[in-house]
Structures are given as C-alpha cells and as structure tokens.
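The values are calculated or read from the model by the stated rules, or taken from the named source; none is laboratory data. Note that the structure is predicted; figures quoted are calculated from it, not measured. Virtual Cβ from ideal backbone geometry, glycine too; neighbours counted across all protein chains shown.
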C-alpha cells in the first residue's frame, strides 16, 4: 500500500526531496502560484512555518500553472518572487501538475486520501493538505482557508 513517505519530488533547485525525510513530522503540502489572488497566503504560510517549525512542522510549496496560468515563470522567477515578496524559507518544489493525467503522484495520493467537495479534483491554487506525524493525511483545506485558520489543527497534530 502506498504511503505518503513513498513519494519524492524535486526542489526548485532540482534536488531530490523525499517525503521519507519528514517521518515523525507534521507536513502541510500546498499547491501554490505567484500570480494568484491567494498568493498573499505565502505570508501566512511563512508565519506558520516560523511559529511551528521547531516543534516539528514542515511546509512544502508546490508551484502549479494549471489554474488560470498563474504560475508562468521558471524556477528562478518563482524562487525570487517567493523569497523577495514573502520571505519564504520552507521548501518549494519544481513546478508540477496537480490534476489530470500528468498530475504528480504525490498529489494523486493526497487527493485520494482527502477528497474535496469536487471529489478528487483540486479546485484552485493554495489547496492545502495536512499530513500527520504518522504519514496519514489528516485534512484538506480549500483555497479560501487562510493559513492562520489551520493553526489549531497543526497544534493538535504536533501534540498527537
């Protein structure tokens, strides 16, 4: 049976990012975009990361250009916008797809483990998946859910 820890992505810098490196940690996986109305959520995600990383929270941002072509840039452009505009210090993956036949296997898994209101499809940028220390998907949050609203769920997962 496939588990969260079986997956691997590449970072924006092209380095492998294996999910098994996060065993025993709480992970928030977010599909992101730099030119989206929800892009200011990067600031809230960074606040969560700063507040909880020493307690075991990891955040992984996954740029995606499938929604309104709102992530058109290359890796250097994406990295620059995240760092310069929002001070993002959590890992960012290479640009990938989250829906359709070319969806990254990690997102296929996350959508299956935590279906949304539209079934397994991701509706828009900044959909968030909270994964517990045991690698089980705890909850899925839509784009409208601001990062601060997830804090209590993160705290509960960190204490579990």
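Given 71, 97, which one is assigned to a loop (DSSP other than H, G, I, E, B), over 14 Å from the mean Cα position of the chain (by Cα) and surrounded by 14 or more Cβ atoms within 10 Å (Cβ to Cβ)?
Being assigned to a loop (DSSP other than H, G, I, E, B), over 14 Å from the mean Cα position of the chain (by Cα) and surrounded by 14 or more Cβ atoms within 10 Å (Cβ to Cβ) holds for just one of 71, 97, which is 71.
Give the residue that is surrounded by the fewest Cβ atoms within 10 Å (Cβ to Cβ), with candidates limited to residues of the stretch 109-127 that are in contact with a strand residue (DSSP E or B) (Cβ under 8 Å, 6 or more places away or on another chain), under 21 Å from residue 34 (Cβ atoms) and touching a residue at least 60 places away in the same chain (Cβ under 8 Å).
Looking at residues that are in contact with a strand residue (DSSP E or B) (Cβ under 8 Å, 6 or more places away or on another chain), under 21 Å from residue 34 (Cβ atoms) and touching a residue at least 60 places away in the same chain (Cβ under 8 Å), I get 122.
Could you look through the stretch 82-94, keep only residues that are touching a helix residue (DSSP H, G or I) at 6+ places or on another chain (Cβ under 6 Å) and assigned to a loop (DSSP other than H, G, I, E, B), and pick out the one that is surrounded by the fewest Cβ atoms within 10 Å (Cβ to Cβ)?
Ranking the candidates gives 87 first.
Among (1) in contact with a helix residue (DSSP H, G or I) (Cβ under 9 Å, 6 or more places away or on another chain); (2) part of a loop (DSSP other than H, G, I, E, B); (3) crowded, with 16+ Cβ neighbours inside 10 Å, there is one condition residue 38 misses while meeting the rest; what is its number?
Of (1) in contact with a helix residue (DSSP H, G or I) (Cβ under 9 Å, 6 or more places away or on another chain); (2) part of a loop (DSSP other than H, G, I, E, B); (3) crowded, with 16+ Cβ neighbours inside 10 Å, only one is false for residue 38: (1).
Of all residues in the stretch 5-25, which are touching a strand residue (DSSP E or B) at 6+ places or on another chain (Cβ under 6 Å) and in a helix (DSSP H, G or I)?
Hit for the stretch 5-25 is 22, nothing else.
Those residues that are in a loop (DSSP other than H, G, I, E, B) and either at pLDDT 95 or above or more than 14 Å from the chain's Cα centre (by Cα) (or both), I need them from the stretch 133-160; list them, please.
Within the stretch 133-160, 133, 134, 135, 136, 144, 145, 146, 160 meet the criteria.
Any idea which of (1) on the phi < 0 side of the Ramachandran plot; (2) out of contact with any helix residue (DSSP H, G or I) (no Cβ under 6 Å at 6 or more places or on another chain); (3) in contact (Cβ under 8 Å) with a residue 24 or more places away in the chain; (4) outside any helix (DSSP H, G or I) is the one residue 79 doesn't satisfy?
Going through (1) on the phi < 0 side of the Ramachandran plot; (2) out of contact with any helix residue (DSSP H, G or I) (no Cβ under 6 Å at 6 or more places or on another chain); (3) in contact (Cβ under 8 Å) with a residue 24 or more places away in the chain; (4) outside any helix (DSSP H, G or I) one by one, residue 79 breaks only (4).
Answer yes or no: is there a residue in the stretch 43-54 that is more than 14 Å from residue 104 (Cβ to Cβ), outside any helix (DSSP H, G or I) and in contact (Cβ under 8 Å) with a residue 24 or more places away in the chain.
Looking for residues that are more than 14 Å from residue 104 (Cβ to Cβ), outside any helix (DSSP H, G or I) and in contact (Cβ under 8 Å) with a residue 24 or more places away in the chain, one finds none in the stretch 43-54, hence no.
Let me confirm something: among 130, 106, which residue is within 19 Å of residue 6 (Cβ to Cβ), in a helix (DSSP H, G or I), in contact with a helix residue (DSSP H, G or I) (Cβ under 9 Å, 6 or more places away or on another chain) and touching a residue at least 40 places away in the same chain (Cβ under 8 Å)?
Within the list 130, 106, the selection yields 106.
State all residues of the stretch 27-38 that are more than 12 Å from the chain's Cα centre (by Cα) and closer than 19 Å to residue 130 by Cα; if no residue qualifies, say none.
38
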